[in-house]
Amino acid sequence: MASTLFPTAPSTAAAPPRSNYTDVVNKFHPPKPGWYEELTAKVLNSATKLYEAEVAPYKSELFSNLKEKAQKILEIGIGTGPNLKYYASNCDVQVVGIDPNQKMEKYARSSAVSAGLPPSNFEFIHAVGEVIPLDDASVDAVVGTLVLCSVKDVSMTLQEMKRVLRPGGMYVFVEHVGAKEGALRFIQKILDPLQQTLADGCHLCRDIESYISEAEFSRVDLNTLSLKKALCLNPYIYGVAYK
Ligand SMILES: C[S@@+](CC[C@H](N)C(=O)[O-])C[C@H]1O[C@@H](n2cnc3c(N)ncnc32)[C@H](O)[C@@H]1O
């Protein structure tokens with residue numbers, strides 16, 4: 001693992017010695033063929049443009065919460081880095097992006113450059129949200145968008161986010177969640193197995209709001225939203241949870 005912008009000596013029982021970390025990544029995100037990871041990264045980079053355009057006003061408002069309050073930011077499941085332009089244009093921020101798909105790195109780095117972030121202020125780590133290779137209370141904010149649908153263990157990921165957040169730190173999120181009822185719920189249930197296979201483990205029906213509530217943040221400001229361009233990837237929740 002590369003040296004990091006933030007301290008990386010995990011201090012909980014859950015965090016393994018660094019030499020075993022590849023085993024941890026493989027446990028929570030079993031290795032896929034290189035072509036599959038490349039294709040996933042390429043599709044994510046190009047196919048989300050309509051979604052990103054529609055969600056942009058909500059993201060602008062949401063990420064303004066980080067302005068002047070967060071200097072060290074961890075983004076989990078950073079993917080191709082579509083959020084960096086919202087919070088990383090302040091050159092003083094230091095960002096670590098983690099993702100188990102190494103093919104995301106070049107896209108995320110390019111997004112960081114486009115956002116105006118100096119290369120020395122951005123680090124990509126091949127890692128999973130379930131066991132974050134950073135110290136307790138070492139970041140001011142954790143960002144996660146469209147990622148709790150994809151992690152293997154949602155509760156473990158939320159506990160890890162809380163562990164690395166400093167007291168009062170913010171978890172900023174946007175997630176698509178399962179519809180509660182009706183035709184959309186029915187369709188999501190049918191398409192869920194296919195979605196998991198084609199979209200690298202993404203679940204359509206997760207009740208992520210309940211997971212966030214059970215994670216016992218000190219306060220959660222949560223909103224819901226429906227996006228026209230997102231079809232059955234609806235509804236969405238977005239907001240800020242405070243440690
Ligand atoms: C749908 S993409 C979203 C990417 C980006 N956050 C966005 O908003 O476009 C889901 C991302 O989560 C990553 N991912 C999958 N399993 C993960 C895990 N266990 N921990 C962290 N990230 C994971 C995937 O590699 C992928 O980059």
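Numbers at a glance
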{"item": "Inter-label distance, nm, simple model (7 Å from Cα along the C-beta direction), residue 159/residue 181", "result": "3.3"}
{"item": "Principal axes of segment 125-243: Cα extent on each, largest first, Å", "result": "42, 29, 23"}
{"item": "Average accessible surface area per residue within the chain, 1.4 Å rolling probe, Å²", "result": "46"}
{"item": "Separation in nanometres of the label points that stand 7 Å from Cα toward Cβ, at residue 89 and residue 43", "result": "3.2"}
{"item": "Which listed pairs, of 69/189; 27/229; 32/67; 72/229; 69/180; 67/106, have C-alpha distances above 31 Å, in listed order", "result": "69/189; 27/229; 32/67; 72/229; 69/180"}
{"item": "Against the rule of thumb 2.2 N^0.38 Å, how large the Cα Rg of segment 18-242 comes out", "result": "0.95"}
{"item": "For segment 60-176, radius of gyration divided by Kirkwood radius, i.e. Rg to Rh on alpha-carbons", "result": "0.92"}
{"item": "Dipole moment magnitude, nearest 20 debye, the chain about Cα centre, only Lys, Arg, Asp, Glu C-beta charged", "result": "360"}
{"item": "Carbon/sulfur fraction of accessible area - segment 18-242, other protein chains in place, 1.4 Å, %", "result": "56"}
{"item": "Whole-Hz ³J(HN,Hα) from phi, Karplus 6.51 cos²θ - 1.76 cosθ + 1.60, for segment 54-71, glycine and proline x", "result": "6, 8, 3, x, 5, 5, 4, 5, 4, 6, 5, 4, 7, 4, 6, 10, 10, 9"}
{"item": "Area accessible to solvent at residue 40, 1.4 Å probe radius, in Å²", "result": "30"}
{"item": "Longest exposed-site-free window of the chain, the sites being GluC sites (Glu not before Pro) in a DSSP loop that have at most 14 other C-beta atoms within 10 Å", "result": "69-180"}
{"item": "Long-range amide H partners of residue 225 with built H, under 5 Å", "result": "236"}
{"item": "Difference of contour (0.36 nm per residue) and Cα-Cα distance, residue 207 to residue 229", "result": "5.8 nm"}
{"item": "³J(HN,Hα), Karplus 6.51/-1.76/1.60, whole Hz, each residue of segment 148-158, x for Gly, Pro", "result": "5, 6, 10, 5, 6, 10, 5, 5, 5, 5, 5"}
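The values are calculated or read from the model by the stated rules, or taken from the named source; none is laboratory data. A quick note: this is a predicted structure, and the numbers were derived from the prediction, not measured. Quick reminder, even Gly has a Cβ in these numbers, built from the backbone with ideal geometry, and neighbours come from all protein chains shown. Surface areas here come from the heavy atoms of the whole protein model, side chains and all, with no ligands, DNA or RNA. Shrake-Rupley method; radii C 1.70, N 1.55, O 1.52, S 1.80 Å.
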